[in-house]
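Notes to accompany the following structure.
Derivation of every value follows stated rules applied to the coordinates shown; laboratory data play no part. Just so you know, these numbers come straight off a predicted model, no measurement behind them. Glycine gets a Cβ as well: all are built from the backbone with ideal geometry, and neighbour counts include every protein chain shown.
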Amino acid sequence: MRIKLLSCEVFFREICLLAAGSPHTCDLEFLPKGLHDLGADKMTARLQEYVDRADEGHYDAIVLVYGLCNNGVVGLTARHTRIVISRAHDCISLYLGGRGRYRERFNAHPGTYYRTTGWIEHADSNVAGDVTVSQKLGLFMQREELVMKYGEENAQYIMETMGDGMANYDRLAFINMGMDCEAPFRRMAEGEAAKQGLIFEEIPGSMELLRKLVRGEWDDNFLIVEPGQTIRPSHDDAVIKSVPA
């Protein structure tokens, strides 16, 4: 097969490694991590642009290395080529090998902040020419910046209302994907945990779902969206479904 792979850039190292060993021809394109920060509607619109650029009749499938991602793929439509996407809520499920394992981890340690090589490497990735939800809300602005922009009283209100984004977390987990490049990123994650006063742990990840995506082994862990269909949330364990556009 000839596959068009559209992937969030946080998977850059894993996807490049797996694509090199795939029996299929894989054309890779990596999209900014900052797409997630634009909000669901804008993220879907941007992804649709990338999907529609794929030449009609040239590919057997367009593979998306994404999950539901806060509804960022809802409404995405297959025009002329089938789309394949994981049945996952977000990228952590992909890193851990499936939504079942993610659910187990969440139930055991709900207050966990996850880090991976890609998340650390592309932490500052943004989408040129667009304002993110975080920027609109001032989530990463210092008090002085908020005062200059909104005034003293409004700045105080914003800080009290938004609170501490890390308040509900007590640990930081670095997901080890078994790659040779990970040691320095693990140290950075450990340093971040120490700075934030979080318990640090290293947990094993899994290449299983990513490998199946790249190798065309699309079992019931994946949704195949045929031409003329669009993606919708299923609101059950299947996570997503396809319906007529």
Could you go through the range 239-245 in sequence order and give the Karplus-derived ³J(HN,Hα) for each residue, using 6.51 cos²θ - 1.76 cosθ + 1.60 with θ = phi - 60°, rounded to whole Hz, and x for Gly and Pro?
-> 6, 9, 9, 10, 9, x, 5
Karplus-derived 3J(HN,Hα) from phi for the range 81-98 (6.51 cos²θ - 1.76 cosθ + 1.60, θ = phi - 60°), whole Hz, x at Gly and Pro, runs 9, 5, 10, 10, 8, 6, 7, 9, 6, 7, 5, 4, 4, 5, 5, 8, x, x
HN-Hα J couplings of the range 183-200 from phi, Karplus 6.51/-1.76/1.60, θ = phi - 60°, integer Hz, Gly and Pro as x?
-> 3, x, 6, 4, 5, 5, 5, 5, x, 5, 4, 4, 5, 8, x, 9, 5, 9
Please report how far the C-alpha centroid of the range 30-63 lies from that of the range 186-245, rounded to the nearest whole angstrom.
-> 16 Å
Would you grab the residues whose amide H sits under 5 Å from the one on VAL65? Only those 5+ places off in sequence or on another chain, please, with H modelled 1.01 Å from N.
-> LEU6, SER7, CYS8
Nitroxide proxy distance, nm - points 7 Å out along Cα→Cβ at GLU217 and ASP237 | 2.2 nm
The set of residues whose placed amide H lies less than 5 Å from the amide H of ARG171, leaving out same-chain residues fewer than 5 positions away, is TYR113, ILE199
From the Cα gyration tensor of the range 199-245, with a ≥ b ≥ c the square roots of its eigenvalues, which class applies: rounded if a/c is under 1.5, or else prolate if a/b is larger than b/c, or else oblate?
-> oblate
